[in-house]
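Since the structure comes first, as structure tokens, the remarks are kept for the end.
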Amino acid sequence: MRVLPALLVALALVACGGGERAAPDASPRSETTLLVSAAANLADVLPPLLDAFQERTGIRVQVNYGNTAQLAAQIERGAPADLFLAADRQHVETLAAKGLVLPDTVRVYARGKLVLWWRADSGLALSSLEDLRSGLVRRIAIANPDQAPYGAAARQALQRLGLWEALQPRIVIAENIQQAFQYARSGNADVAFTALSLVVNEPGQRLEVARELYDPIDQALAVVKGTPREAAARRLADYLAGPEAAALWQRYGYELPALVSR
């Protein structure tokens, strides 16, 4: 019979996909896994951003969260990382000056906002930072101001109001901004200075700190020099700083570089 050879050819074409069945916009899936060192204030906004990125590219991402100074120090010591997402510009630019990140990838991806947050059941009614003088506020959590940009911003705000020295006995130092928030959420602190992004979807009360009380929290990123996954890391950097991610950054309370007046 002469049907068999024709059938075999047809089966072979099906197994190979027929050569013409791929969708015009389909992109090849990747088995790459990127390691990102990210500031703790990104703990809520970054997962949905990375889920969308993986869905689009097939590139998986693992994240190491921490305070910016510690993460920068880890990169200086050679800890594995493909992309660094800091909570400021200074640490990224310092790494660039030392030749540890690729200078052409350094850019600001978002500007953060500092807030004071407290539990709804705390009994506190605060309308300004001056109200922190109240005897009802016994413990005030902030991220380590010597290592965490949001902690430095909180200290700066209190200093500009002349409150820092007076409130020193009540200050509780957390390792990073996420831990500061957890102190207040668990009741181990009465209030916490934290990032708006961490509490934008959180029940409770918050007071946005006036912008003139602290220097802008411009958050920068960069691809780590020497990564064997440079192309994928650049792709992620472009995505996070690009138009597709913009709406989600704004939903979590960040300002975008294009909307920030210089």
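Things worth noting here:
- Which listed residue, of 135, 162, 99, 123, is within 19 Å of residue 202 (Cβ to Cβ) and out of contact with any strand residue (DSSP E or B) (no Cβ under 8 Å at 6 or more places or on another chain): 123
- Candidates are the residues of the range 150-174 that are free of Cβ contacts under 8 Å to residues at least 12 places away in the same chain and either aromatic (Phe, Trp, Tyr) or at positive phi (or both); the one that is surrounded by the fewest Cβ atoms within 10 Å (Cβ to Cβ) is 162.
- Cross-chain or 6+ apart pairs with Cβ under 8 Å, the range 97-113 first and outside the structural domain of residue 178 (by TED's automatic domain parsing) and under 23 Å from residue 77 (Cα atoms), then of a type in the set (D, E, K, R) and loosely packed, with under 15 Cβ neighbours inside 10 Å: 98/76; 100/76
- Among residues of the range 175-193, those that are surrounded by 23 or more Cβ atoms within 10 Å (Cβ to Cβ) and within 20 Å of the chain's Cα centre (by Cα), counted: 7
- Condition met for residue 226 (over 30 Å from residue 131 (Cβ atoms), at pLDDT 95 or above and outside any strand (DSSP E or B)): yes
- Looking only at the range 241-250, and only at residues there that are in a helix (DSSP H, G or I) and touching a residue at least 60 places away in the same chain (Cβ under 8 Å), the one that is farthest from residue 194 (Cα to Cα): 244
The values are calculated or read from the model by the stated rules, or taken from the named source; none is laboratory data. Because the structure is predicted, anything quoted here is derived from the model rather than measured. Reconstructed Cβ throughout: ideal geometry from the backbone, glycine too, with neighbour counts over all protein chains shown.
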